[in-house]
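Q: If you scroll down you'll find the structure; I have some questions about it.
The values are calculated or read from the model by the stated rules, or taken from the named source; none is laboratory data. On a predicted model such as this, the values are computed, not experimentally measured, just so you know. Backbone-built Cβ (ideal geometry, glycine too); neighbour counts: all protein chains shown. Protein only, heavy atoms only, side chains kept; ligands, DNA and RNA dropped before computing areas. Shrake-Rupley method; radii C 1.70, N 1.55, O 1.52, S 1.80 Å.
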Amino acid sequence: MRVLKIIIPALLILITASISSFAQTASNVNIKGYVQDEKTGETLPYANVTLLGTEIGTSTNQQGYFVLVNVPAGPCTLRVHYIGYIKSDIPLVAEKNSPAIAVKMKATVLQGDEVVVTAETYETVQIAKGISELKISPRGLSKLPSVGEVDIFRSLQLLPGISAANDGSSGLYIRGGTPEQNLVLFDGMTIYNVDHFFGFISAFNADAVKDVRVFKGGFPAKYGGRTSSVVELTGKSGSYDDVHAAGNINLLSGSGVVQVPMKGKGAWLTTFRRSYVDFLNSGMYDKIYDAVSGNNNGTDTDQTSSSQPGGGRGMGGRGFEQEMLVPDFYYYDFNSKLTYSFTPNDILSFSIYNGRDFLDESQDLGTRTFGPSADQGEDVSANISDLTEWGNLAVSAKYAKIWSDRFYSSFHSSYSSYNSLSSTGRSFRGGDENTLRGGFSSDEDNEVEDYTYRVDNEFQLSSNHKLEFGLGLTQASTSLNFTANDTLSILNRKGTADQFSFYFQDDFKLTPLLNITLGLRAVDYSLTNKNYWEPRASFNYKVTDKIDLKGAWGYYNQFINRVVNENILEGNRDFWLLADEELDPSFAEHFILGTSYENSNYIFSVEAYLKNMDGVAEFSQRFRRSPDMEPEDLFFLGTGVSKGFEFLAQKKRGRFNGWLSYTLANVEYEIDIFNDGDAYPADHDRTHEFKSVGSYSWGDWTLAATWVYATGAPYTAPENQYAIELLDGNTRSYIHVGDKNTNRLPNYHRLDLSMTKAFKTENLRYEFGLSVFNLYNHDNVWYREYVLDTSPIIVRDVTTLGFTPSVNFKISMK
């Protein structure tokens, strides 16, 4: 009955809309077609298509298809824009029952000393007409500095409103949201973890991606299940006519891509990437790092509590000793996509993604004093073990059908899984190496699975009116097993939930200057036995031909959450759990207002946002008052507020292009158990972020630089450790912790440079690149670890990479 309450009103709306959909005068016709890459034949999604001299316009869908309805019959000109491609003007005669046209787009290329671009061409990033929407060209990202290879997500971090000061994660912190609050879709598959290699490399191989769209907030009703933003990646299909292959190698990994046509009816594309420093010259990367940075991770520095920033105070008179850590790792990922066109109007595709990581942050601390002080303890051999393994597996099938000029449907099914295995421990052995004097261990196993079935429809009612609607069913399950010292169960939780959804969106021009989008998403969630209604609205008002005023508002719910597991000694870890009657679904309400000015060369954009959040969750063992306390009592819920202001100035085209951005932001949580119920900065709060990105092309050379500055992240420090003797004679250790997130790490900043040279022969194309990450070798601290059982107490600054050069070489068939 709850489901019927959602479906019946929606069907009535659709039937009413459909009756009016075929109002078309005899003198008007439809223009339909596909936008494609001139060389490969790849369709280009979300390209802008307009009819010159009129207000009629649209964009292609994910299959590259477009239709302009109620166009006056006779001669006309289509203008098509797509990021990274030269603007195309297509003269034609609009006639009744005309076949679909193919618009061939030419990518921007270098020819001698001239950069072949035209007015209104976007090189890398395009600010879309919609509120808080960006379009990214994976092709254009290849010129920007990187750690070894083109990285889509780390490049997105250079945009306003997306934090760039999180080297420990390629995950996107967007407008106060955390990475798990972003809906990341790759060919419709939900991807739960988005980074490789200590967070420096995103999990997506750029050779497998042809288009990236980002909604930083206020996203349409089509998307749901997340409270912050949407990142939608469309995978390459490959050429229907030509075999293509390419290979890439750098100091971290090697990768390859192969495209095989299927007799002009389809294509099969496969990519594979793996790091190799774990088995081939395994010490090479560490040697390069040590040589160029001058850091010696084995050097100890004695520091007193008064001189240690944020390192605690009053710890029994024991001093601090600073340790540095650089982890060992390997990763791989695999993509494959098969596309087959039975007819131009019937397309079937299958996609698979698989990626996995192994991270070892273990460390031999050598001989230490185990005990309360140097004169009361015993010399022991101290070791830290910290092993983590995680990965994604996702598969999808999609059938796209064009029923008529105006009506398009896609049927999608997918399976996605994510699992993370973590094992950490401290051991202190004295005298005989087999004698364990002290220590602890913890193990965590977290798994997520979902099966999704979805139908999406697009109905172009008129030249100024478009409907989108669809149904979805998701079955999700999570499991978490968290143990300490092999036998003590800290948390063991499993759950399965069904989620049924319906959405409806009406996009129309109220006047020639005012475009309005109204949407509604309804969700029935089994674990709470409730319906969740999510109204959404946005507008775009054209003040002049160059100035737009935009705004958005909406409700957003999330039913699978990544809960923060507070860990003062080692840095926080997170885990995925389904919302239920005890752990509420998280909720956010978005308010966004902005304006932009754009001409043929520049764009200036300003947006302000406010996000009210509910259901903020954290799991913390520091409030365990007794060993018998139930784990469910250690989940704490609260509210949050994220607000900010973003500014972007972009030069869109030419030999020199790039952008400057500034974000002023504040993210605060309020959970009663912390800080006496007072609001405190969220772990990812960054008050100021400034970013500068520039690229200069001369002939076949491209020079690029990026500079990032950000306020240091907040953190919580332990103050002391003490032991209590229990009634049975055993003792239990407790850690006294200061107020939450009252300390901040040092401010973050770094400069990256890159140089790229492109050249070609008759049959092959080559690209050589040199990048330098963190040119002036600034020590950016990721987080701090504390070892309280030794004397002096050890504080380890876990830092991100210092001065790190990287070489990249790519070869591909023309």
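Q: Step by step: first the residues of segment 446-461, then only those that are within 30 Å of Ser404 (Cβ to Cβ) and open to solvent by 30 Å² or more (accessible area, probe 1.4 Å), then the one that is farthest from the chain's Cα centre (by Cα). Which residue is that?
A: Pass one, segment 446-461, residues within 30 Å of Ser404 (Cβ to Cβ): 452-461.
Narrowing further to those that are open to solvent by 30 Å² or more (accessible area, probe 1.4 Å): 453-455, 458.
Working: Tyr453: 23, Arg454: 22, Val455: 24, Glu458: 27 Å.
Among those residues, the one meeting the criterion is Glu458.
Q: Let me ask something additional. Provide a single number: the residues in segment 52-92 that are in a strand (DSSP E or B) and more than 17 Å from Tyr408 (Cα to Cα). First the steps, then the outcome.
A: Within segment 52-92, the first condition is being in a strand (DSSP E or B), and the residues that meet it are 57-59, 65-72, 74-81, 85, 88-92.
Retained after the next criterion (residues that are more than 17 Å from Tyr408 (Cα to Cα)): 57, 70-72, 74-81, 85, 88-92.
Total satisfying the criteria: 18.
Residue by residue, here is whether (1) among the polar types (S, T, N, Q); (2) open to solvent by 10 Å² or more (accessible area, probe 1.4 Å); (3) over 30 Å from Leu578 (Cα atoms) holds:
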{"site": "Phe204", "(1), (2), (3)": "no, no, no"}
{"site": "Asp211", "(1), (2), (3)": "no, no, yes"}
{"site": "Ser228", "(1), (2), (3)": "yes, no, no"}
{"site": "Lys236", "(1), (2), (3)": "no, yes, yes"}
{"site": "Ala245", "(1), (2), (3)": "no, yes, yes"}
{"site": "Ser255", "(1), (2), (3)": "yes, yes, yes"}
{"site": "Ala267", "(1), (2), (3)": "no, no, yes"}
{"site": "Thr270", "(1), (2), (3)": "yes, yes, yes"}
{"site": "Val277", "(1), (2), (3)": "no, no, yes"}
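Q: Of the residues Val194, Val260, only one is more than 22 Å from the chain's Cα centre (by Cα), β-branched (Val, Ile, Thr) and either modelled with pLDDT under 90 or surrounded by fewer than 19 Cβ atoms within 10 Å (Cβ to Cβ) (or both); which? Walk me through it before giving the result.
A: On the way: Val194 fails: more than 22 Å from the chain's Cα centre (by Cα).
None of the other options fit; the residue is Val260.
Q: Could you please give the count of residues in segment 584-607 that are open to solvent by 40 Å² or more (accessible area, probe 1.4 Å) and either of a type in the set (D, E, K, R) or touching a His at 6+ places or on another chain (Cβ under 7 Å) (or both)? Before you say what the answer is, go through the steps one by one.
A: So the first thing to find is which residues in segment 584-607 are open to solvent by 40 Å² or more (accessible area, probe 1.4 Å), and the list is 584, 587, 591, 593, 595, 597, 599-602, 604, 606.
Okay, now just the ones that are also either of a type in the set (D, E, K, R) or touching a His at 6+ places or on another chain (Cβ under 7 Å) (or both), so 584.
Residues that pass the stated criteria total 1.
Q: Sticking with this one: Kindly establish whether His736 is surrounded by fewer than 18 Cβ atoms within 10 Å (Cβ to Cβ) and at pLDDT 90 or above.
A: Values: surrounded by fewer than 18 Cβ atoms within 10 Å (Cβ to Cβ): yes; at pLDDT 90 or above: no.
No.
Q: Return the residues of segment 490-506 that are touching a residue at least 40 places away in the same chain (Cβ under 8 Å) and surrounded by fewer than 16 Cβ atoms within 10 Å (Cβ to Cβ); say none if nothing qualifies.
A: Kept after step one, since they are touching a residue at least 40 places away in the same chain (Cβ under 8 Å), are these residues of segment 490-506: 490-493, 495-497, 499-506.
Answer for segment 490-506, where residues must be touching a residue at least 40 places away in the same chain (Cβ under 8 Å) and surrounded by fewer than 16 Cβ atoms within 10 Å (Cβ to Cβ): Asn492, Thr496.
Q: For Pro805, are the conditions met, namely being modelled with pLDDT under 90, buried (at least 21 other Cβ atoms within 10 Å of the Cβ) and of a type outside the set (Val, Ile, Thr)?
A: Working: modelled with pLDDT under 90: yes; buried (at least 21 other Cβ atoms within 10 Å of the Cβ): no; of a type outside the set (Val, Ile, Thr): yes.
No; evaluated as a whole, the condition is false for this residue.
Q: Restricting attention to segment 19-34, does a residue exist that is assigned to a loop (DSSP other than H, G, I, E, B) and at pLDDT 85 or above?
A: No: zero hits.
Q: Considering each residue of segment 523-560, count those that are open to solvent by less than 30 Å² (accessible area, probe 1.4 Å), modelled with pLDDT under 95 and in contact with a Leu (Cβ under 6 Å, 6 or more places away or on another chain), and give that number.
A: Count: 1.
Q: Moving on to the next point. Among the residues of segment 574-613, write down those that are of a type in the set (Asp, Glu), touching a residue at least 60 places away in the same chain (Cβ under 8 Å) and closer than 19 Å to Ser538 by Cα. Spell out the reasoning first.
A: Of segment 574-613, the ones of a type in the set (Asp, Glu) are 574, 580-582, 584, 589, 598, 607.
In the following step, the residues that additionally are touching a residue at least 60 places away in the same chain (Cβ under 8 Å) were identified as 574, 580, 598, 607.
Within segment 574-613, just Glu607 meets the criteria.
Q: Out of everything in segment 69-122 that is at pLDDT 80 or above and aromatic (Phe, Trp, Tyr), what residue ends up being surrounded by the most Cβ atoms within 10 Å (Cβ to Cβ)?
A: Quick first cut of segment 69-122, residues at pLDDT 80 or above only: 69-107.
Keeping just the survivors that are aromatic (Phe, Trp, Tyr) gives 82, 85.
On the way: Tyr82: 28, Tyr85: 23.
My answer is Tyr82.
Q: Taking the stated definitions as given, is Asp548 closer than 18 Å to Gly594 by Cβ and more than 25 Å from the chain's Cα centre (by Cα)? Reasoning before the result, please.
A: Values: closer than 18 Å to Gly594 by Cβ: yes; more than 25 Å from the chain's Cα centre (by Cα): yes.
Yes; evaluated as a whole, the condition is true for this residue.
Q: Name the single residue, out of those in segment 366-419 being open to solvent by 30 Å² or more (accessible area, probe 1.4 Å) and in a loop (DSSP other than H, G, I, E, B), that is modelled with the highest pLDDT.
A: Per the criteria, the residue is Trp403.
Q: Restricting attention to segment 132-156, report how many residues are part of a loop (DSSP other than H, G, I, E, B) and either in contact with an Asp or Glu (Cβ under 9 Å, 6 or more places away or on another chain) or hydrophobic (A, V, I, L, M, F, W, C) (or both). Write out each step before concluding.
A: Of the residues in segment 132-156, the ones part of a loop (DSSP other than H, G, I, E, B) are 132, 137, 142-151.
This time we only want the ones that are either in contact with an Asp or Glu (Cβ under 9 Å, 6 or more places away or on another chain) or hydrophobic (A, V, I, L, M, F, W, C) (or both), so: 132, 137, 142-147, 150.
Counting residues in segment 132-156 that are part of a loop (DSSP other than H, G, I, E, B) and either in contact with an Asp or Glu (Cβ under 9 Å, 6 or more places away or on another chain) or hydrophobic (A, V, I, L, M, F, W, C) (or both) gives 9.
Q: Sticking with this one: Confirm whether Asn297 is modelled with pLDDT under 80, assigned to a loop (DSSP other than H, G, I, E, B) and closer than 26 Å to Gly769 by Cα.
A: Working: modelled with pLDDT under 80: yes; assigned to a loop (DSSP other than H, G, I, E, B): yes; closer than 26 Å to Gly769 by Cα: no.
Against the criterion (modelled with pLDDT under 80, assigned to a loop (DSSP other than H, G, I, E, B) and closer than 26 Å to Gly769 by Cα), Asn297 does not qualify.
Q: Of everything in segment 507-522, what is in contact (Cβ under 8 Å) with a residue 12 or more places away in the chain and open to solvent by 30 Å² or more (accessible area, probe 1.4 Å)? Give them in sequence order. Break it down into steps so the answer makes sense when it comes.
A: Of segment 507-522, the ones in contact (Cβ under 8 Å) with a residue 12 or more places away in the chain are 507-509, 512-522.
The answer is Asp507, Phe508, Lys509, Pro512, Leu513, Leu514, Asn515, Ile516, Leu518, Leu520.
Q: Here is a follow-up. Do you know which of the residues in segment 229-241 that are at pLDDT 90 or above and among the charged types (D, E, K, R) is farthest from Thr178 (Cα to Cα)?
A: Lys236
Q: Quick one: is Gly177 modelled with pLDDT of 85 or more and more than 20 Å from Tyr709 (Cβ to Cβ)?
A: Details: modelled with pLDDT of 85 or more: yes; more than 20 Å from Tyr709 (Cβ to Cβ): yes.
Yes: the conditions hold for Gly177.
Q: Can you say whether Val184 is touching a Leu at 6+ places or on another chain (Cβ under 7 Å), modelled with pLDDT of 90 or more, open to solvent by less than 10 Å² (accessible area, probe 1.4 Å) and not polar (S, T, N, Q), as far as the supplied structure shows?
A: Working: touching a Leu at 6+ places or on another chain (Cβ under 7 Å): no; modelled with pLDDT of 90 or more: yes; open to solvent by less than 10 Å² (accessible area, probe 1.4 Å): yes; not polar (S, T, N, Q): yes.
Taking the combined requirement at face value, the residue does not satisfy it.
Q: Out of Glu149, Glu133, which single residue is open to solvent by 10 Å² or more (accessible area, probe 1.4 Å), modelled with pLDDT of 85 or more and under 18 Å from the mean Cα position of the chain (by Cα)? Reasoning before the result, please.
A: Numbers: Glu149 fails: modelled with pLDDT of 85 or more.
When all the criteria are applied, what remains is Glu133.
Q: Here's a follow-up. Can you tell me how many residues in segment 204-228 are assigned to a loop (DSSP other than H, G, I, E, B) and under 23 Å from His244 (Cβ atoms)?
A: Looking only at segment 204-228, we keep the residues that are assigned to a loop (DSSP other than H, G, I, E, B), and these are 204-205, 216-228.
Now drop any that are not under 23 Å from His244 (Cβ atoms), which leaves 204-205.
Counting residues in segment 204-228 that are assigned to a loop (DSSP other than H, G, I, E, B) and under 23 Å from His244 (Cβ atoms) gives 2.
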